[in-house]
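Trainee: Take a look at this one; I'll ask things after.
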Amino acid sequence: MAEPLKHMYNEPFLRGFSEKLHDVYDAFDIDGFMATTMDDTWEALELKARMRRITTSLRIYFPSMYEDALEVLFKIDQSCIGFPYLFFPDFIEVYGQAEEHWELSMKALERFTSKSSAEFAVRPFLLRDPVRMMSQMLKWAEHPQEHVRRLASEGCRPRLPWGQALPMFKHEPSPILPVLELLKADPSLYVRKSVANNLNDIVKDHPSVVIDIARRWKGLNPHTDWIVRHGCRTLIRNADPEIMSLFGYAEPTEGNHSIATYASLSIEPNGLSIGGTCELRYELHVRDGEPAHIRVEYAIDFVKARGRHRVNLSSCQIRQF
């Protein structure tokens, strides 16, 4: 079984990080920081709680002025890259929301997002002042660096996993759309994935908005077509008639609800152990007629730890000529 992700925040990691801080800020108390962070409640903390504990412990041993504290982080951020360093933008989220810190906090979020990601840290700013923050997102959407452009989309997703929900955008997604328009043909797949995921979030509450976007965007650019396809995946999975038609899937004719005359699916072997493999085989017979675009879906149901069930949906596309 894989080790829980929270264990990446361990004594060697924190001590190594502390030493980096001490190299640029002599007053940093390594032993004090370690003791405060890894107190007797540490083992019970999950991933995000450990991340927040690091953030709050840093504040105790950093300079008292927010500007000076950020300057310490700026001196080491080039060597602090990857998922574990999400507490850099988290520090901005917790301590940088005051009006007098706005400009510096935006600069820091822009800087730190390329090292880990600021997609979670921007959300309290959005909840506090959505108009001002979406204006900032529009600027980031035209940034030369792909990580910052991705932040413009990922940060305002209405239903970002692990992140705070944005109820105002669940209710009314229109403030998000200008950002997505700027990114709809982005050359970076990293950015395009975020735009597609943002659209898929919007689908959950406003399918008609995404259907309208799909109609307008489809065919404009290969990059845009990729976004449209992936952004509409929930609508396709739900066999929404308008989307199925837009993507060229065969529509049922009167009296015939399917163009298939026979379909079967088999698995070999039919029992698996962890680490094993199997082969899925399907057979589909269709009626003669005009060329058609067919989607085949199947679900894999498996048991997770603690006996919970999960279903993974997969699909493939077939063209009948």
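Trainee: What's the lysine pair count for the chain at a Cα cut-off below 23 Å, pairs eight or more apart or interchain?
Mentor: Final tally of qualifying lysine pairs is 28.
Trainee: Given the options ASN238, ASN270, ASN197, state which has the largest fluctuation in a GNM of the chain using a 10 Å cut-off (strictly under) for Cα springs.
Mentor: Result: ASN270 has the largest fluctuation of those listed.
Trainee: Can you give the FRET efficiency to the nearest 0.05 for ASP31 and GLU103, using r as the Cβ-Cβ distance and R₀ = 22 Å?
Mentor: 0.05
Trainee: Another question, then. Test of understanding: what is the full-extension gain from LEU127 to ASP68, defined as 0.36 nm times their sequence separation minus their Cα-Cα distance? It would help to have the intermediate numbers written out before the result.
Mentor: Working: separation 59, 0.36 × 59 = 21.24 nm, distance 2.63 nm.
Contour length minus Cα-Cα distance gives 18.6 nm.
Trainee: Let me ask something else. Quick one: length gained pulling SER245 to GLN78 fully straight, 0.36 nm per residue minus the C-alpha distance?
Mentor: Difference between extended and current length: 55.2 nm.
Trainee: Counting DSSP beta bridges with both partners in the chain, what percentage is antiparallel, nearest 5?
Mentor: Counting only bridges with both partners in the chain, antiparallel ones make up about 95 percent.
Trainee: Here is a follow-up. Which value in nm describes the separation of the simple spin-label points at HIS143 and ASP288, placed 7 Å from the Cα toward the beta carbon?
Mentor: The answer from the label model is 6.0 nm.
Trainee: Right, next: If r is the Cβ-Cβ distance from CYS278 to THR56 and R0 is 30 Å, what FRET efficiency results, to the nearest 0.05?
Mentor: After rounding to 0.05, the efficiency reads 0.05.
Trainee: Only one of the listed values, (i) 20.1, 64; (ii) 28.9, 98; (iii) 24.4, 80, was derived from the coordinates as Rg and Dmax of the Cα atoms in Å; which label is it?
Mentor: Label of the calculated value: (iii).
Trainee: With a cut-off of 14 Å, note down the residues of segment 178-221 whose backbone N falls inside the zone around a label point 7 Å from the Cα of ASN238 toward its beta carbon.
Mentor: Label zone hits: 199-212.
Trainee: Ranked from highest to lowest mean number of other Cβ atoms within 10 Å per residue, what is the order of the peptides 212-221, 187-196, 104-113? Don't skip to the answer; put the middle values down first.
Mentor: Details: 212-221: 15.2, 187-196: 19.1, 104-113: 20.7.
Sorting 212-221, 187-196, 104-113 by mean packing, highest first, produces 104-113, 187-196, 212-221.
Trainee: Still on this structure, I have one more. Can you give me the distance in nm between label points at TRP42 and HIS22, each placed 7 Å from the Cα along the Cα-to-Cβ direction?
Mentor: The answer from the label model is 1.5 nm.
Taken together, the values in this text are just the output of simple stated rules run on the coordinates, not laboratory data. Small disclaimer: the values here were computed from a predicted structure and weren't measured. Reconstructed Cβ throughout: ideal geometry from the backbone, glycine too, with neighbour counts over all protein chains shown.
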